[in-house]
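Reading through the structure tokens given below for one structure.
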Amino acid sequence: MNWSDDGIVLGGRRFGEGGLILDVLTLERGRRSGLVYGGASRRRRAQFEAGNTLALSWSGRLDDQLGRFDVAEAQKERASRLLDDPAALAALASITALLRAGLNEGDAAGSSLFEATTLLLDELSNPDVWPALYVRWELGLLSALGFGLDLDECAISGANDGLTHVSPRTGRAVRGSEAEGYVDRLFRLPTFLIDARAQLMPGDIEEGLRLTGYFIEGRLFASVHRGLPPERERLLKRLAALG
């Protein structure tokens with residue numbers, strides 16, 4: 001059997017002499033893997049950098065077995081355009097590492113992440129935009145994989161305004177004014193995560209990443225006995241260095 005699709009490169013590993021087992025997030029089929037003959041050669045390896053988008057065809061005997069990718073030229077090369085921006089490169093590495101670790105082969109949920117991931121990757125050259133998009137993308141990752149947070153109304157009163165915090169136990173939003181006795185045990189909820197028109201305030205990105213990181217680690221990766229990928233920790237250090 002065979003199929004064709006667009007795929008975002010998540011990474012790869014050498015196979016045999018010059019071969020490459022390529023991991024991609026596809027538009028129609030979620031995360032998929034395939035063997036690219038000669039993919040690890042010096043001449044071809046640049047097109048398989050993580051974050052690139054490829055037009056590819058897959059062929060194999062059975063859909064759930066490792067097949068072969070035939071790859072055209074990269075439709076969009078991203079890593080090479082970000083070489084002078086360590087923070088953006090760290091974001092790209094974190095995005096692809098989270099997808100690679102969080103998605104199973106053929107996971108249909110991966111398809112719902114393709115467009116959002118493409119949008120984020122394309123904005124990595126815009127430092128005024130991508131950090132907030134990245135935090136929202138992590139929220140979307142949780143939601144797509146069945147671990148979404150409930151940020152629509154207060155868990156205590158049911159009100160849908162004035163939401164300021166999130167419970168680490170339930171993942172539900174809370175009005176801090178109604179949780180005064182234990183507000184210090186809650187995560188702060190940056191307004192930009194629930195109001196697209198809100199202006200970013202100092203500390204919002206840091207607080208947003210603290211919130212999403214807690215639930216990605218505690219819900220998504222805890223179920224498979226993993227911690228957060230080291231690439232995400234490196235992203236946090238890069239952003240902290242930038243202030």
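Remark: VAL183 falls outside the filter, which requires a residue to be outside the structural domain of VAL129 (by TED's automatic domain parsing), under 24 Å from LEU98 (Cβ atoms) and more than 19 Å from the chain's Cα centre (by Cα). Taken over segment 60-76, residues that are in a loop (DSSP other than H, G, I, E, B) and without any contact (Cβ under 8 Å) to a residue 24 or more places away in the chain amount to 1. Among the conditions (1) hydroxyl-bearing (Ser, Thr, Tyr); (2) farther than 27 Å from LEU133 by Cβ; (3) in the same structural domain as PRO229 (by TED's automatic domain parsing), the only one that SER94 does not satisfy is (2).
Step by step: first the residues of segment 155-178, then only those that are closer than 19 Å to GLY218 by Cβ and touching a residue at least 24 places away in the same chain (Cβ under 8 Å), then the one that is surrounded by the fewest Cβ atoms within 10 Å (Cβ to Cβ). Which residue is that? Ranking the candidates gives PRO168 first.
Among residues of segment 21-47 being among the hydrophobic types (A, V, I, L, M, F, W, C) and surrounded by fewer than 21 Cβ atoms within 10 Å (Cβ to Cβ), the one that is nearest to the chain's Cα centre (by Cα) is LEU27.
Examine segment 22-39 for a residue that is polar (S, T, N, Q), more than 18 Å from ILE95 (Cα to Cα) and modelled with pLDDT of 85 or more, and state whether such a residue exists.
Going through segment 22-39, the residues polar (S, T, N, Q) turn out to be 26, 33.
Pick out the ones that are also more than 18 Å from ILE95 (Cα to Cα) and you get none.
Checked against the condition, which is being polar (S, T, N, Q), more than 18 Å from ILE95 (Cα to Cα) and modelled with pLDDT of 85 or more, segment 22-39 yields no hits at all.
So for segment 35-58 (the condition being outside the structural domain of ILE205 (by TED's automatic domain parsing), part of a helix (DSSP H, G or I), small (Gly, Ala, Ser) and farther than 28 Å from GLU207 by Cβ), does at least one residue qualify? The answer is yes; a qualifying residue exists. Residue count for segment 104-154 satisfying the condition of being free of Cβ contacts under 8 Å to residues at least 40 places away in the same chain, crowded, with 18+ Cβ neighbours inside 10 Å and out of contact with any helix residue (DSSP H, G or I) (no Cβ under 8 Å at 6 or more places or on another chain): 0.
Looking at segment 51-59, is at least one residue on the phi > 0 side of the Ramachandran plot and touching a residue at least 40 places away in the same chain (Cβ under 8 Å)? The answer is yes; a qualifying residue exists. Only one of the numbered conditions (1) crowded, with 16+ Cβ neighbours inside 10 Å; (2) closer than 27 Å to LEU189 by Cβ; (3) free of Cβ contacts under 8 Å to residues at least 60 places away in the same chain is violated by ALA79, and that is (2).
The values are calculated or read from the model by the stated rules, or taken from the named source; none is laboratory data. Predicted model, so just to flag it, every value in this text is computed and none were measured. Using ideal geometry, Cβ is built from the backbone for each residue, glycine included, and neighbour counts are taken over all protein chains shown.
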